[in-house]
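I'd like to ask you about the structure that follows.
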Amino acid sequence: MYQEYFKLDGLPFENVPDPRCFFDEGEHSVVLKRISSSIESGKGLIVVTGPIGSGKTTLSHMVIAVQPETTKLIWVAEPPDKSLDLFQYLASELGVEEISDNK
């Protein structure tokens, strides 16, 4: 209903973050530039924190959207409880063929 009324191309309030809805102004823009700069300079780990609803997930999806396909990014929405599970997840995402059950 409101999509037609406001002549929107898509639904703005979906359950899945959409980089097209990223607010590229103020602090959001600054953080996106800092993260992109860190990735380009080869920094290994970036942690984004903030209160619920502050745009962390949308920012993360925007970072993924603006990176070249040659850049390998691993997005972990909620880290596993056990460190071994995290290592196995990361190894799997990096394409490691044989993943061991030991550290």
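The values are calculated or read from the model by the stated rules, or taken from the named source; none is laboratory data. Keep in mind that this is a model prediction, so the values were computed, not measured. All Cβ positions, glycine included, derive from the backbone under ideal geometry; neighbour counts span all protein chains shown. Remember, those area values only see protein heavy atoms, side chains included, never the ligands or the DNA or RNA. Shrake-Rupley method; radii C 1.70, N 1.55, O 1.52, S 1.80 Å.
What residue, of 49, 57, 71, is among the polar types (S, T, N, Q) and closer than 30 Å to residue 1 by Cβ? Before the answer, list the steps.
Details: 49 fails: closer than 30 Å to residue 1 by Cβ; 71 fails: closer than 30 Å to residue 1 by Cβ.
Step by step, each of 49, 57, 71 is checked, and only 57 is among the polar types (S, T, N, Q) and closer than 30 Å to residue 1 by Cβ.
Need pairs with beta-carbon distance below 8 Å; first residue assigned to a helix (DSSP H, G or I) and of a type in the set (Lys, Arg) and within the range 78-102, second modelled with pLDDT of 90 or more and open to solvent by 70 Å² or more (accessible area, probe 1.4 Å); sequence gap 6+ or separate chains.
none
Would you please name the residue that is farthest from residue 22 (Cα to Cα), looking only at residues in the range 33-49 that are within 14 Å of the chain's Cα centre (by Cα) and assigned to a loop (DSSP other than H, G, I, E, B)?
45
If we keep just the residues of the range 64-103 that are closer than 21 Å to residue 20 by Cβ and open to solvent by 90 Å² or more (accessible area, probe 1.4 Å), which is modelled with the lowest pLDDT?
Within the range 64-103, the match that is modelled with the lowest pLDDT is 75.
Hey, could you check the range 46-63 for residues that are closer than 11 Å to residue 36 by Cβ and of a type in the set (Val, Ile, Thr) and say which is most open to solvent (accessible area, probe 1.4 Å)?
Among those that are closer than 11 Å to residue 36 by Cβ and of a type in the set (Val, Ile, Thr), it is 46.
For the range 1-38: of the residues being at pLDDT below 80 and among the acidic types (Asp, Glu), which is surrounded by the most Cβ atoms within 10 Å (Cβ to Cβ)?
18
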